[in-house]
Amino acid sequence: MPSLNSILAVILGGGRGARLYPLTQMRSKPAVPIAGKYRLIDIPISNCINSEIFRIAILTQFNSVSLHRHITHTYNFDAFHTGWVQIWAAEQTIESADWYQGTADAVRKQTLEILATDAKFVLILAGDHLYRMDYKAMAEHHWEKKADITVAVQPISKEDATRFGILKREPDGRISSFVEKPTDPEVQRKFISRDDPARPFLGSMGIYMFNTKILVDLLTNFPDYDDFGGDIIPSAIKSHSVYGFDFDGYWQDIGTIRSFYETNLLLTTSNSPFDFYDAKLPIYTDTRFLPGSIVEDSVLRDVLLAEGCRILKSNITHSIIGIRSHISAGTVIKDSIVMGADYYEREAHSVAFGVGMNCYIEGAILDKNARIGDNVVIRPFPRTADIDNEKWYVRDGIVVIPKDAEIASGTKIAPE
C-alpha cells in the first residue's frame, strides 16, 4: 500500500460562519472555542496527527487572525520531523481576484500549492466538526478498493436528511447516487438504504479522500463546480470510482449556535458521548502555563472546569467554565457556557472580566473577555427567539454575550 506520507490533509476553514454568529463576529468558525480550552480547529488537526498524517494545510479567508495565531503557537514540529501545519490564506492572483466561492472552489484556488507538495492523495476535512476518527483506516480502505474518491459516511436520521448529502451504495461499497440536502420527501424515500427506522439514510460527513490527479482534473474541467457535496461528488460518481467508508462513532456538525450550545453541555456529564482525553488519541491544543483553578465555598454539579479559574461562593450546574474565568460570590450559573478570558487583567476596570456578584445566568453563552457586572440576570428565551441587541444577542432562544462585551450592573436580559 502507499505510504501515509503520500497524503496531504486540507482543512477547510475559510467560511464566514454566519450560522454561528455572533461567536464568529471577531473570529473564523474553526477558531471558536470549545470545551473550555480548545478550539474547533484542534479536532481535525489532532485527528490527522493521531492518524500519522503530518502534512496539513488549513485554508482560511474570513476573520482569520486569531486562527493564524492559534496555529502558529500550537502546531510546531521540530527540525527532525518532516511534518508541517501551514496556513493557506485566500489571495488575489492574476488568474482570479475572487474570494473562495465554496468548498471546492477554495481547494481549486490552491491547486498550485497542492501540486507543489507532490502528494499522491488529498484528504479534505471540515474545520467545524467534533469527532475522533482514524483517517489511516479510511486511507487503507481507499487503497484496497482502488478508489478514485472515498467519502466518509455515517447513518443519519430522517430529521437530519435535509442537512446532509445522502447517498445510495452498492453491495461492493461503490456509491451509485448522491443528493445534497434533499427537502422533497419523494427524493428522500428513494435514498432509504438502511433497515434501521431511527437512521434510515447514509449521509456524507463532508470528509473526502481523492487521488490528487483526479481532484485536480475535476476542479480544472468543471470550473463552475464550487462545492464538493453539491457539485463535485454527484458528478464524479457518473465517471469515477467513488466508494463510501463507514464511520459509526460519535460525530457532530457544530454549525449553529444551538448545536454548539448543546454539544458543549453534553461534555459536562460523566456519560458524555465524546471524551477529549484519550491516552492514545488525545486532542491537542495550545500549551498554556496556567495555575490550577481555585473553588472557594461553592457548589458545582456537572461542570467542566478549565484551568486558571477562580470561583467564589457560587452555585454552578450543568455548565462549562473556560480558562481564566472569574466568578464572583453569590452568583448562580445554570446550563451555560462561560468561555473565560484570553489573559489576566493587570489594570483595574470598572467592570472586571468574568461574572460579577449576585448574578443569575441561565441558558447563555458568555464569549471570551466578557464583563458581566453585579446583579445581572440572564434567562433563556423561547426556542424560536432571535434578537439583535447592541450588547447582546439571542439565537434560537440562547442568550449570547459577544467577545469583549460589557453588561452593566443590574441589567436584566430575559423574556418579558
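Brief remarks follow.
- Residue within region 313-331 that is touching a helix residue (DSSP H, G or I) at 6+ places or on another chain (Cβ under 7 Å) and either outside the structural domain of Arg19 (by TED's automatic domain parsing) or surrounded by fewer than 17 Cβ atoms within 10 Å (Cβ to Cβ) (or both) present: yes
- Filtering Thr263, Thr212, Thr268, Thr285 for residues that are surrounded by 14 or more Cβ atoms within 10 Å (Cβ to Cβ) and either out of contact with any Leu (no Cβ under 9 Å at 6 or more places or on another chain) or at positive phi (or both) leaves a single hit, Thr285.
- For region 174-192, the set of residues classified as surrounded by 18 or more Cβ atoms within 10 Å (Cβ to Cβ) and under 27 Å from Ala137 (Cα atoms) consists of Ile175, Phe178, Val179, Phe191, listed by residue number.
- Selection from region 28-59 of residues that are within 20 Å of Ser336 (Cβ to Cβ), assigned to a loop (DSSP other than H, G, I, E, B) and charged (D, E, K, R): Lys37
- For region 271-282, taking the residues that are over 22 Å from Lys29 (Cα atoms) and touching a Lys or Arg at 6+ places or on another chain (Cβ under 9 Å), the one that is surrounded by the fewest Cβ atoms within 10 Å (Cβ to Cβ) is identified as Asp278.
- Of the residues contained in region 203-219, one or more are found to be of a type in the set (S, T, N, Q), in contact with a Gly (Cβ under 9 Å, 6 or more places away or on another chain) and modelled with pLDDT under 95.
- Region 215-239: number of residues that are assigned to a loop (DSSP other than H, G, I, E, B) and in contact with a Leu (Cβ under 8 Å, 6 or more places away or on another chain): 1
- Residue check for Ile361: in contact with a Phe, Trp or Tyr (Cβ under 9 Å, 6 or more places away or on another chain), among the β-branched types (Val, Ile, Thr) and at pLDDT 95 or above: no
- Note on region 288-309: residues that are free of Cβ contacts under 8 Å to residues at least 60 places away in the same chain, buried (at least 16 other Cβ atoms within 10 Å of the Cβ) and within 30 Å of His73 (Cα to Cα) total 5.
- Note on region 170-222: among residues that are in contact (Cβ under 8 Å) with a residue 60 or more places away in the chain and polar (S, T, N, Q), the one that is farthest from Ala106 (Cα to Cα) is Ser176.
- You will find that of Tyr360, Tyr393, the residue that is closer than 24 Å to Glu262 by Cα, crowded, with 19+ Cβ neighbours inside 10 Å and of a type in the set (Ser, Thr, Tyr) is Tyr393 and no other.
- Considering residues of region 87-103 that are within 23 Å of the chain's Cα centre (by Cα) and either modelled with pLDDT of 90 or more or of a type in the set (Val, Ile, Thr) (or both) only, the residue surrounded by the fewest Cβ atoms within 10 Å (Cβ to Cβ): Ile87
- Residue within region 276-285 that is among the aliphatic types (A, V, I, L, M) and modelled with pLDDT of 95 or more present: yes
- Strands (runs of 3 or more DSSP E) (entirely within region 136-202) containing at least 1 residues that are under 15 Å from Pro234 (Cα atoms) and modelled with pLDDT under 95: 165-169, 175-180
- Considering region 252-271, the residues that are under 18 Å from Val338 (Cβ atoms), among the hydroxyl-bearing types (Ser, Thr, Tyr) and not in a helix (DSSP H, G or I) include one that is farthest from the chain's Cα centre (by Cα), namely Thr269.
- Candidate set: region 194-209, residues that are among the small types (Gly, Ala, Ser) and farther than 17 Å from His240 by Cβ; chosen: the one surrounded by the most Cβ atoms within 10 Å (Cβ to Cβ): Gly203
The values are calculated or read from the model by the stated rules, or taken from the named source; none is laboratory data. The structure presented is a predicted model; accordingly, all values stated were derived computationally and were not measured. So basically every Cβ, Gly included, is an ideal-geometry build from the backbone, and we count neighbours across all protein chains shown.
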